[in-house]
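> Here it is: the structure, laid out below.
A short reminder: the numbers here are calculations on the coordinates, not readings from a lab. If you're wondering where the values come from, they're calculated on a predicted model, not measured in any experiment. Cβ sites come from the backbone with ideal geometry, for glycine too, and all protein chains shown count toward neighbours.
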Amino acid sequence: MTAVVAAVLVAAWAGISYATNTPPFKKPKGTIEAGELCPSFGGSQEAADILNRILPYATSYRIPPEEGERRTPDPRDTSHNSWCYVHGDGRLLTVHTEMRGGETEKEWQDRVRNIVRSGGPEPFDAGRWAFTTSTRKAAAVYSACVPYDNAGLSTYIRLRDPAPADRLDDLRRLTRLAAEQAHAAARCTVPADTLRK
């Protein structure tokens, strides 16, 4: 009788573990391939590798079609907006780029921080200005968009969960990659504050 009860308990535990995705039946973490990335990351294998390192566990990831509008070849066009999302167990990452003008570094930082709602700024070296937040949940890069002297591109990445403590450089590099891709997509010429530092 004891053996039967034990067998039933083990079977119940195994069924619950499998249904709730807990050990020893936990499913492996999903992966993101370069070909699945939205245009904001330009199909970069490096970007895919970083996403696989910094995103939280999910059995699979989904990247919907990118939203927004890209700047046209018309030299008078000073509009560029793009939004890309990565979903797993809910929305895990947002990358957004927009063309802006007439902001000081503090105005830009304050505006982005109001959007990402994620800790104080910690500057790093990229573009004209760049920072990560103290919570490791966001990073942003602002770069000039020559020939528009008063225009620039603001690119930020916001994570649902903090990047692992040892992956802060990955978050910064991912934001640089997105900013570089946005710079090309918006048909900006190479600025003095080159992104490739």
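> With a Cα-only, solvent-free Debye model of segment 71-133, what are the log10 I(q)/I(0) values at q = 0.14, 0.15, 0.21, 0.27 Å⁻¹?
-0.56, -0.63, -1.05, -1.25
> Read phi for every residue in segment 89-101 and hand back ³J(HN,Hα) as whole Hz from Karplus 6.51 cos²θ - 1.76 cosθ + 1.60, θ = phi - 60°, with x for Gly and Pro.
Listing the rounded values in order: 8, x, 6, 9, 8, 10, 10, 9, 10, 9, 7, 10, x Hz.
> Let me ask another. Rank by packing, highest mean first: peptides 161-169, 78-86, with packing defined as the count of other Cβ atoms within 10 Å averaged across residues.
78-86, 161-169
> Here is a further query. How much length is gained if the chain between residue 49 and residue 81 is pulled fully straight, taking 0.36 nm per residue apart and subtracting their Cα-Cα distance, in nm to one decimal?
9.0 nm
> Where Lys and Arg each count +1 and Asp and Glu each count -1, what net charge lies around residue 34 among other residues with Cβ under 12 Å from its Cβ?
With Lys, Arg at +1 and Asp, Glu at -1, the neighbours total -4.
> Find the Rg to Rh ratio for segment 85-181, where Rh is the Kirkwood radius over alpha-carbon pairs and Rg uses the same atoms.
0.96
> Now for a separate question. Karplus couplings for segment 51-67 from phi (6.51 cos²θ - 1.76 cosθ + 1.60, θ = phi - 60°), rounded to Hz, Gly and Pro as x?
Each residue of segment 51-67 in turn: 4, 5, 8, 9, 6, x, 4, 8, 6, 7, 10, 10, 10, x, x, 5, 10 Hz.
> Report, by chain and number, residues whose modeled amide H sits under 5 Å from the one on residue 138, excluding near sequence neighbours (fewer than 5 apart, same chain).
The answer is 133, 159.
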